[in-house]
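Have a look at the structure below, then the notes.
A short reminder: the numbers here are calculations on the coordinates, not readings from a lab. Quick caveat, the model's predicted, so the values are computed rather than measured. Glycine gets a Cβ as well: all are built from the backbone with ideal geometry, and neighbour counts include every protein chain shown.
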Amino acid sequence: MQLMKFIKSLAYPSEMLPPIIEEEESHFDPETVHSSAKMGMWLFLATELLLFGGLFAAYAIFRAKYPVMFLEGSDSLDVVLGSVNTVILIFSSWTVAIAVQAIQENKIKLVQVMIWITLICATIFAINKYFEYTYKFSKGIGPGTDIFYSIYFASTGVHMLHVFIGMIVLGIILKKTYQGRYSKDNFTAIEIGGLYWHLVDLVWIYLFPLLYLA
Amino acid sequence: MTDHHDFDKNYLENGKGFKSWFFSVDHKRLGVMYLWAIGVFFVLAAIASFLIRFEHLSPGQTIVSAQTYNVLFTLHGAVMVFLFIVPGVAASFGNFLIPLMIGARDVIFPKLNLYSFWVYCAGSIILLGSLLAPVDTGWTFYTPYSIDTGTNVIMVTFGVFVLGFSSILTGINFIVTMHKLRAPGLTWDRLPLFCWAAYATSLLQVLATPVVGITLLLLIGERYFGLGFFDPAKGGDPVLFQHFFWFYSHPAVYIMILPAMGIISEVLPVFSRKPIFGYKAIAYSSLAIALISFLVWGHHMFTSGQSKLINIIFSVITFAVAVPTAIKVFNWLWTMYKGSIELSTAMLYSLAFIFLFTIGGLTGLFLGALAADVHLHDTYFVVAHMHYVMIGGTVFGLFSAIHFWYPKMWGKMFDEFKAKIAFVLIFIGFNVVFFPQFILGTQGMPRRYFNYSPEFAFLHQLSTYGTWILGVGFILMLYVLCRPTGPASANPYNSLSLEWQMPSPPPTLNFKEIPTVNDSTYAYGTKIEQEA
């Protein structure tokens, strides 16, 4: 029985989402759970910053070492596509923020629309990135071409991974809004999912100027 | 789940069989499962080390080939570090004790706690799966060799990457638990010192682990996608890998040792019947160690050709770590001064901890000194230093905890006399193994070498004989612990901390009513204790 539950939880990773605790199983009062989940998420975001911190440190070191390579590499990137993606991500951060606000006013419909828009923005972001990558590959440029492209592909690649994870998280939340799981008394998951999405946005806001506008 | 029957059953009786454990969100069961898991990995890695030592019984080949030897020391290092000692005391006793000590029914995220354990299991399986093409890089995976070697580096490093998640999530869980679930009246300055140590450990886990995560991810990228960060042929820098690696792995040293220090702070006052001396100094020095540990990673690279100025700065900060560490040691000694000392097995391990850890810590200062390090770098001196800290410190602390909380964890008593014999064997064996290695190191024996000059033969053989004494000690200890002598009372050591104020083993939901804490946990031999 529990094994079936386990297999099911693998098939539906929503059950595996770490910070989301089902209220009925909790020993603790909802207020504590809510503030704790938020605190836990902030700590997790700190770890994400340190993860990207490694890449930013590598960027600083190698840019100091090879300034010309970084200028040339940066020039070869498509600033228009990069700018479009930046606007899209910032816009999607705004829609998530509206969703978090809306659920506290019990406007479920608005929450759903906003998360849908966020997911569409994320998809456009991914498609743009796909064209950027394949264009580079078609010109014979890859992660091993030189240090600048190592940085470029490693940092945007790890960021892309986070976009996908964010999409999965928001997708699960969206599914649960249709099941009527959230209300103004129970919106922890939406709030911390939103926090995660803001991080995805924030990291890109740093990556964009460092890589495209160097 | 919250019906009153759960208070009649203790956590061991609440469900039988594999599934009732492997799917349990009970922090006590998770603690016990971690304990079993790290125990199994400890034995596995210890067997590898026994083979390594056996190989050194004579110069040249004794039992295994040079390549097998390289695999053995990599396996020993990787399993000991990533599967045993990093999760180690924090995941096992941290899980078991923190909610009990702070008066909570569980950690704040019980499900996340279970997932962390599963992630740990998955990471272990991936890491050990690399044995199909065993890695020969050493546990540090230094580039450029780790990029060039034909062995399964990707699998091991990915395993370590996955294990990192377990470590981070456990750390987050503990930090939030201690912030949000302390019982009424349990202010920060009444918090048991084990919790303080676990708090500092968790901070390190949360803040350091992501850096090794990205480092290993980049290493995988170097092998798989041809990234160039650490590859000199592509303009990269192999020493950068060392910087990244030690930015995690030096704080990780304190992830390993801090929880053990917490255990010593719990055991000493109970068996000295005196309040802990310098409570605040011990508590804050844990945080100080955690902070300073982030600023010393460069002392692993004194001979790598990094800038002289950086070397001097790292050397000075390295000396600074000795200060909070010494604060702890002196406070422990003062706790015992004029106390009514009872030499129980747990106390013996704690005393051995202070003695051995002090040797390990002070020899660390030799290595932190620039001139001495040029001579001692990558010799057996480093091996001996590290093992005095890791075994003499962490493992002795863990053994102390296993004996001290045995009655609480299992509800049984063990044979103190035989356990003390095991302690004596382990203590002697350990010193016979590792003390000669200090001398070997100063004479110039390099670490990780398969062969050695004949003049080193005597000390190498002595060290190998020591492993046999140590092995007998381990087996005897295990035998004693597997044969309990009788049921334990709730509080056989008359301890004052919360976990001893409930039946042994604890009920499934720990506390029928959340207790209110009015006094220090360490009021031994004072009026408060008489009244309690």
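On a full-extension model of 0.36 nm per residue, what is the gain between B:Thr442 and B:Ala233, subtracting their alpha-carbon distance, rounded to one decimal in nm?
Length gained between B:Thr442 and B:Ala233: 71.7 nm.
Would you list B:Arg273, B:Arg447, B:Arg29 from fewest to most Cβ contacts within 10 Å?
B:Arg273, B:Arg447, B:Arg29
FRET efficiency for B:Lys280 and B:Trp36, Cβ-Cβ distance as r, R0 = 25 Å, nearest 0.05?
0.10
Which value at 222 nm does chain B reach when only helices count, each DSSP H run of 4 or more adding -39,500 (n - 2.57), with the total divided by all residues and rounded to the nearest 500 deg cm²/dmol?
Roughly -21000 deg cm²/dmol at 222 nm, from the helical runs in chain B.
Between A:Glu105 and B:Ser520, what is the spin-label point distance in nm, taking each point 7 Å from the Cα along the Cα→C-beta axis?
Result: 5.5 nm between the two label points.
Test of understanding: express the Cα radius of gyration of the stretch A:32-212 as a ratio to 2.2 N^0.38 Å, with N the residue count.
Normalised Rg, Cα atoms only: 1.14.
Sorted from fewest to most neighbouring beta carbons within 10 Å, what does the list B:Cys482, B:Cys195, A:Cys121 look like?
Ordered by Cβ neighbours within 10 Å, fewest first: B:Cys482, A:Cys121, B:Cys195.
Please report the net charge: other residues with Cβ closer than 15 Å to the Cβ of B:His299, K and R +1, D and E -1.
Computed value for this residue: -1.
Give me the one-decimal Kirkwood hydrodynamic radius in Å for the protein assembly as shown, with the sum taken over alpha-carbon pairs.
27.4
Quick one: how many lysine pairs in the stretch A:32-212 have C-alpha atoms under 27 angstrom apart, if they're 8 or more apart or on different chains?
17
Given contacts defined as C-alpha pairs under 8 Å and at least six residues apart, what's the relative contact order of the stretch B:293-375, whole-number percent?
41
Round to the nearest 10 and give me the degree value, 0 to 90, for the angle of helix B:27-55's Cα axis relative to the longest principal axis of chain B.
Approximately 30 degrees, to the nearest 10.
If you count, for each residue, the other Cβ atoms within 10 Å and average over each peptide, how do B:251-264, B:336-349, B:402-415 line up from highest to lowest?
Result, highest mean Cβ count within 10 Å first: B:251-264, B:402-415, B:336-349.
Hey, what do the phi angles of the stretch A:142-150 turn into as Karplus ³J(HN,Hα) couplings, whole Hz, using 6.51/-1.76/1.60 and θ = phi - 60°, x for Gly and Pro?
x, x, x, 4, 8, 4, 4, 6, 4
Provide the per-residue ³J(HN,Hα) series for the stretch A:86-92, in order, calculated from phi with Karplus coefficients 6.51, -1.76, 1.60 and θ = phi - 60°, each as a whole number of Hz, with x at glycine and proline positions.
4, 4, 4, 5, 4, 4, 5
Tell me the mean residue ellipticity at 222 nm calculated for chain A from its helices only (DSSP H runs of n ≥ 4, each -39500 (n - 2.57), averaged over every residue, nearest 500).
So the helix-based figure for chain A works out to -28000 deg cm²/dmol.
Which loop-located chymotrypsin sites (Phe, Trp or Tyr not before Pro) does the stretch A:146-197 contain, where loop means any DSSP state but H, G, I, E or B and the Cβ has at most 16 other Cβ atoms within 10 Å?
Within the stretch A:146-197, no chymotrypsin sites (Phe, Trp or Tyr not before Pro) qualify (loop, at most 16 other Cβ atoms within 10 Å).
Report the local net charge at A:Ser76: Lys and Arg +1, Asp and Glu -1, summed over other residues whose C-beta lies under 13 Å from its C-beta.
-3
How many percent of the alpha carbon pairs in chain B exceed a separation of 35 Å?
Looking at chain B, the distances longer than 35 Å represent 33 percent of pairs.
Could you put B:Tyr524, B:Tyr380 in order, starting from the residue whose Cβ has the fewest other Cβ atoms within 10 Å?
Lowest count first: B:Tyr524, B:Tyr380.
Using only the Cα atoms, what convex hull volume per residue in Å³ does the stretch B:26-69 have?
Output value, Cα hull per residue: 54 Å³.
Return the FRET efficiency for the residue pair B:Cys121, A:Leu45: r is the Cβ-Cβ distance, R0 is 25 Å, and the value is rounded to the nearest 0.05.
0.45
Let me check against my output: what whole-number percent is the relative contact order of chain A, with C-alpha pairs under 8 Å and at least 6 apart?
31
Between B:Thr68 and B:Val472, what FRET efficiency comes out of the Förster formula 1/(1 + (r/R0)^6) with R0 = 22 Å and r the beta carbon distance, rounded to 0.05?
The pair B:Val472/B:Thr68 has a calculated efficiency of 0.30.
Relative contact order for chain B: what is it in percent, counting Cα pairs under 8 Å that are at least 6 residues apart?
18
Could you pull out which residues in the stretch B:275-303 have an amide N less than 18 Å from a spot 7 Å beyond the Cα of B:His179, following the Cα-Cβ vector?
In the stretch B:275-303, the label zone of B:His179 (backbone N under 18 Å from the point 7 Å along Cα→Cβ) covers B:287, B:291.
Hey, can you grab everything whose amide H is under 5 Å from the amide H of B:Met413? Only 5+ residues off in sequence or another chain; H modelled, so Pro and N-termini drop out.
Amide H to amide H, under 5 Å and 5 or more residues apart or across chains, B:Met413 pairs with B:Thr485, B:Gly486, B:Ala488.
Using a basic spin-label model with each label point 7 Å from the Cα along Cα→Cβ, how many nm lie between B:Leu44 and B:Leu287?
Simple spin-label model gives 3.8 nm for this pair.
Pairs B:Lys111/B:Lys512; B:Lys19/B:Lys420; B:Lys274/B:Lys512; B:Lys9/B:Lys111; B:Lys16/B:Lys420; B:Lys9/B:Lys274: which are spaced more than 26 Å apart, C-alpha to C-alpha?
B:Lys19/B:Lys420; B:Lys274/B:Lys512; B:Lys16/B:Lys420; B:Lys9/B:Lys274
Taking the alpha-carbon centroid of each part, what is the distance from the stretch B:82-148 to the stretch B:477-505 in angstrom?
Taking the Cα centre of the stretch B:477-505 as reference, the centre of the stretch B:82-148 is 27 Å away.
Run the dipole for the protein assembly as shown about the Cα centre, Lys and Arg Cβ at +1, Asp and Glu Cβ at -1, nothing else charged, and hand back the magnitude in debye, nearest 20.
Charge dipole, the protein assembly as shown, about its Cα centre: 480 debye, nearest 20.
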